[in-house]
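S.K.: Following this message is one structure expressed as structure tokens.
The values are calculated or read from the model by the stated rules, or taken from the named source; none is laboratory data. All of these numbers come straight from a predicted model, not from anything done at the bench. A quick note on method: Cβ atoms are made from the backbone with ideal geometry, for glycine too, and the neighbour counts reach across all protein chains shown.
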Amino acid sequence: MPALGATGPRTLLRRLREIMAEQISAQSRLDKLVMLIATNMVAEVCSIYLRRAGKYLELFATEGLNRAAVHKTRLKEGEGLVGLVAETGEAVNLSDAPSDPRFSYRPETGEDPYKSFLGVPIVRGGQVFGVLTVQNRAAVLYSEEEVEALQTVAMVLAEVVAQGGLFNIAELDEPELRADRPRMFKGDGLSEGVAVGRVVLHEPRVKVERMIADNPQEELKRLEDAIGKLRENVDEMLDSSELDLTGEGREVIEAYRLFAYDQGWRQRMRDAVRTGLTAEAGVERVQDEMRVRVQRFGDPVLRERAHDLDDLARRLLRHLSGDGSIAPGDLPNEAVIVARSMGPAELLDYGREKLLGLVLEDAAATSHVAIVARSMGLPLVSSVEGVSDSARAGDGIVVDGEAGEVHLRPMPEVVKTFEIKRALRANRVAHFAQIRDTAAVTKDGVHIKLMMNAGLLLDMAHMRESGADGVGLFRTELQFMIGETMPRLADQIEFYRDVLEAAGDKPVVFRTLDLGGDKVLPYARFEREANPALGWRAIRIALDRPALLRYQVRALIQAAKGRILNVLLPMISDVAEFNQARALIDRETERARLLQLPQPRQIRVGAMLEVPALAFMLPQIMRSADFVSIGSNDLFQFVFAVDRTNPRVSKRYDPLNPPALTLIRQIVHSASESPGDLSLCGEMAGKPLDAMALIGLGLRTLSMQPANIGPVKMMIQSLDLREVSQFVDRLCGRTDGSLRPRLAAFAAERGIAIK
């Protein structure tokens, strides 16, 4: 069966545009559309189904079926092949549709003679508006070219439908109620703080006015020019010192830049434009297909990548429209951004001067925009379903990032309460600055080391600001991820030397390359894995590709001339694995000695305890390792079999529950039998209540984000460690789902500062 009739896809698109411009009724326009598509697809049937209120699909127009069925034939969402297309957002291509068990026979349509069936979703912005189908009597599959052609037509239809070009869009679904009354939403607090301000709706979408290309080669050139400008814009963002992003926030934007240079994304857009779409329409089509796939599979890693690519696509559309500034416009004072979702770079576009807070419907604690929000010091509440539809620009709003609450159009009494809470928090921040240079010592005289996490040279400025005792975790992979090629040995040596000099006499623990999973080098090939967190990553890559580890260790050894060098090996599963990696480090040390190269005064090699198996080998590993660092994020992810990037399950198990605390207690007890040091780095180290429990279990070194050192230090200075240790030890025997309420009550009774 040929893909198209006498005309090609570009001619078809031009004729579609002509029909859209005709001054005729909406129904007449639809009738002409299905007739045109049927003729050009050499199809005996072409039908358009659109979504209506009550979640069902209604036959709006047909060529080939019984026209008396128009506006009468209706299918529930998921019912029949048409419902299947709408539900999955994927094309359905069958040679013998009536024999398929999902086929739903509707006698009023008269479709009995037709065997072959091709249905594609009419999608815009990740939302399925309807289904476009073609059918024939011959029992054959439609070709890939035909599927591609019908998807292109559906994409054009989606834009026209969504913009009300055929009829009032409100007819297709039930209107959302937007009352003026106050409303309170409960979500997840992903970044602490309190904001009292005015709603600014995040509406970054650029309206695509022109869908069909007059000159495809010119459109390809426009696309390439816009991609070039987009990349320049992202590079400038990273080079700007205005926002001074550090730590994980900087890491996220570095990864975002990699997406901007992704060749697969660029090629898919080029392919879409070659079908006859404008550059803008090609960008829209690729992103709509991405959103539908992500929603279908529900993979959190893919979802986060899709958010970043959505952000990039919107920026690209702005460049195509001529608005290269990518500026969101002038913000009112005390602005609180409300959005369904947002990419990290879009948040940075708003700047920090007038922005008070952020409310999102879709973001997890480890999502890129959440990490950047924390880096900017913005309170953030997510998983607030329906807030985008309820909020209006200029509405009063209160955001409580600690309690995970959003108050929309709050009463004056509510505003006053949160103004007081915000003032108290500001006083606490001032107090943190006062205790910056004091030691983290408990009331009964026990000193706790509070280290900071870092990943770039810019992070080192926070050591002095936070009063950190050193760097407990320096993520070295960032230097490898931000370039287009492997950093040269001389560049690595200079970089590590600068980090050590910035630390002065304080220790720095360099974690060797933790690659794999979602951390992929732009100049290296990594195969896609079904479970990347459990796959070929970190030390596994280093041992399979030892030259990479030796190359990095060589740079670290020369950079640490005359100093103590602390090297941390990630993702260690057993002692033999650690010993194999340490042997590589020893070989490089011996090489440096023989060549009379600069050497450290001492090299200490540690193991990161993230894989539960290593917890059963603590005495043995600590006879080989100089220190062990518990990576609580991955450790608990593996212990509870919970993907911490998946919002559906990430909150299901509280780290402050009996199994988690019992595991930490056992690790501490096992480590106490050996001379090596034990520390913990991870999210829970930076939360005062969680840190109180960890200290009570026997940990004496914690590593966290610099901003969390002040609150944790204040908590430590207000507690009696003997009391805490006894209480936490008793809690380990309980069966509560979470021990957080009991720990919070204990802290309140003893006057321990946990807020």
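S.K.: Out of Ser650, Ser629, I need the residue that is over 26 Å from Lys449 (Cβ atoms) and among the hydroxyl-bearing types (Ser, Thr, Tyr). Which one? Steps first, answer last, please.
M.R.: Working: Ser629 fails: over 26 Å from Lys449 (Cβ atoms).
Exactly one residue qualifies, and that residue is Ser650.
S.K.: Another question, if that's okay. Checking the conditions here, which among Gly249, Gly324, Gly329 is part of a helix (DSSP H, G or I) and at pLDDT below 75? If you could, list the steps in order and put the result at the bottom.
M.R.: Details: Gly324 fails: part of a helix (DSSP H, G or I); Gly329 fails: part of a helix (DSSP H, G or I).
It is Gly249.
S.K.: Another question about this same structure. What tally of residues in the range 44-77 results from selecting those that are closer than 15 Å to Asn136 by Cα, of a type outside the set (Ser, Thr, Tyr) and buried (at least 17 other Cβ atoms within 10 Å of the Cβ)?
M.R.: Taking the range 44-77 as the starting set, the residues that turn out to be closer than 15 Å to Asn136 by Cα are 44-47, 62-66.
Then drop every residue that is not of a type outside the set (Ser, Thr, Tyr), which leaves 44-46, 63-66.
Now drop any that are not buried (at least 17 other Cβ atoms within 10 Å of the Cβ), which leaves 44-46, 63-65.
Matching residues across the range 44-77 total 6.
Yes/no matrix, rows are residues, columns are (1) hydroxyl-bearing (Ser, Thr, Tyr); (2) buried (at least 24 other Cβ atoms within 10 Å of the Cβ):
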position	(1), (2)
Leu355	no, no
Ser375	yes, yes
Ala391	no, yes
Gly394	no, no
Ala403	no, no
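S.K.: Sticking with this structure for a sec: Which helices (runs of 4 or more DSSP H) does the range 356-461 wholly contain that include 2 or more residues that are within 27 Å of Lys506 (Cα to Cα) and touching a residue at least 40 places away in the same chain (Cβ under 8 Å)? If you could, list the steps in order and put the result at the bottom.
M.R.: Values: elements: 368-376, 387-390, 412-434.
In the range 356-461, the matching helices (runs of 4 or more DSSP H) lie at 368-376, 412-434.
S.K.: Take Leu348 and tell me if it is within 23 Å of the chain's Cα centre (by Cα), modelled with pLDDT of 70 or more and either part of a helix (DSSP H, G or I) or not acidic (Asp, Glu) (or both).
M.R.: Working: within 23 Å of the chain's Cα centre (by Cα): yes; modelled with pLDDT of 70 or more: yes; either part of a helix (DSSP H, G or I) or not acidic (Asp, Glu) (or both): yes.
Against the criterion (within 23 Å of the chain's Cα centre (by Cα), modelled with pLDDT of 70 or more and either part of a helix (DSSP H, G or I) or not acidic (Asp, Glu) (or both)), Leu348 qualifies.
S.K.: Quick check: is even one residue across the range 682-703 among the acidic types (Asp, Glu) and more than 17 Å from Glu192 (Cα to Cα)? Full working, then the answer.
M.R.: Here is the first cut: in the range 682-703, the ones among the acidic types (Asp, Glu) are 683, 690.
With the extra rule that they be more than 17 Å from Glu192 (Cα to Cα), the set shrinks to none.
No: the range 682-703 contains no residue that is among the acidic types (Asp, Glu) and more than 17 Å from Glu192 (Cα to Cα).
S.K.: Leu702 is checked against (1) modelled with pLDDT of 95 or more; (2) in contact with a Ser or Thr (Cβ under 9 Å, 6 or more places away or on another chain); (3) part of a helix (DSSP H, G or I) and fails just one. What number does that condition carry?
M.R.: (3)
S.K.: Got at least one residue in the range 687-699 being farther than 19 Å from Ile754 by Cβ, over 26 Å from the mean Cα position of the chain (by Cα) and not in a loop (DSSP other than H, G, I, E, B)?
M.R.: No, because not a single residue in the range 687-699 is farther than 19 Å from Ile754 by Cβ, over 26 Å from the mean Cα position of the chain (by Cα) and not in a loop (DSSP other than H, G, I, E, B).
S.K.: What number of residues within the range 392-433 satisfy the criterion of being hydrophobic (A, V, I, L, M, F, W, C) and out of contact with any Gly (no Cβ under 9 Å at 6 or more places or on another chain)?
M.R.: Of the residues in the range 392-433, 9 are hydrophobic (A, V, I, L, M, F, W, C) and out of contact with any Gly (no Cβ under 9 Å at 6 or more places or on another chain).
S.K.: Tell me, yes or no, whether the range 554-564 has at least one residue that is charged (D, E, K, R), outside any helix (DSSP H, G or I), in contact with a Leu (Cβ under 8 Å, 6 or more places away or on another chain) and over 20 Å from Ala671 (Cα atoms). Outline the logic, then answer.
M.R.: Taking the range 554-564 as the starting set, the residues that turn out to be charged (D, E, K, R) are 554, 561, 563.
Keeping just the survivors that are outside any helix (DSSP H, G or I) gives 561, 563.
Then drop every residue that is not in contact with a Leu (Cβ under 8 Å, 6 or more places away or on another chain), which leaves 563.
Those still in the list that are over 20 Å from Ala671 (Cα atoms) too: 563.
Within the range 554-564, one or more residues are charged (D, E, K, R), outside any helix (DSSP H, G or I), in contact with a Leu (Cβ under 8 Å, 6 or more places away or on another chain) and over 20 Å from Ala671 (Cα atoms).
S.K.: Another question, then. Does the range 729-745 include one or more residues that are touching a Ser or Thr at 6+ places or on another chain (Cβ under 6 Å) and part of a loop (DSSP other than H, G, I, E, B)? If you could, list the steps in order and put the result at the bottom.
M.R.: Within the range 729-745, the first condition is being touching a Ser or Thr at 6+ places or on another chain (Cβ under 6 Å), and the residues that meet it are 732.
Remaining after also requiring part of a loop (DSSP other than H, G, I, E, B): 732.
Yes.
S.K.: Go through the range 80-135 and give me each residue that's touching a residue at least 24 places away in the same chain (Cβ under 8 Å), outside any strand (DSSP E or B) and of a type in the set (Gly, Ala, Ser).
M.R.: Gly80, Gly83, Ala86, Gly89, Ala91, Ser95, Ala97, Ser104, Gly110, Gly125, Gly126
S.K.: Let me ask another. When you scan the range 651-686, how many residues do you find that are assigned to a loop (DSSP other than H, G, I, E, B) and either under 23 Å from Ile752 (Cα atoms) or not assigned by TED's automatic domain parsing to the domain that holds Phe616 (or both)?
M.R.: 5
S.K.: Any residue at all in the range 681-695 that is under 30 Å from Arg554 (Cα atoms) and not hydroxyl-bearing (Ser, Thr, Tyr)?
M.R.: Step one: filter the range 681-695 for residues under 30 Å from Arg554 (Cα atoms), giving 681-682.
Filter once more, so that each one left must be not hydroxyl-bearing (Ser, Thr, Tyr): 681-682.
The answer is yes; a qualifying residue exists.
S.K.: Provide a single number: the residues in the range 576-598 that are in contact (Cβ under 8 Å) with a residue 40 or more places away in the chain, out of contact with any Lys or Arg (no Cβ under 6 Å at 6 or more places or on another chain) and surrounded by fewer than 18 Cβ atoms within 10 Å (Cβ to Cβ).
M.R.: Here the count works out to 2.
S.K.: Also, I was wondering about something else. Can you work out which of the residues in the range 45-69 that are outside any strand (DSSP E or B) and under 38 Å from the mean Cα position of the chain (by Cα) is farthest from Val161 (Cα to Cα)?
M.R.: Residues of the range 45-69 that are outside any strand (DSSP E or B), as a first pass: 53-55, 64-69.
From what's left, under 38 Å from the mean Cα position of the chain (by Cα): 53-55.
Details: Ala53: 15, Gly54: 18, Lys55: 17 Å.
Out of the qualifying residues, it is Gly54.
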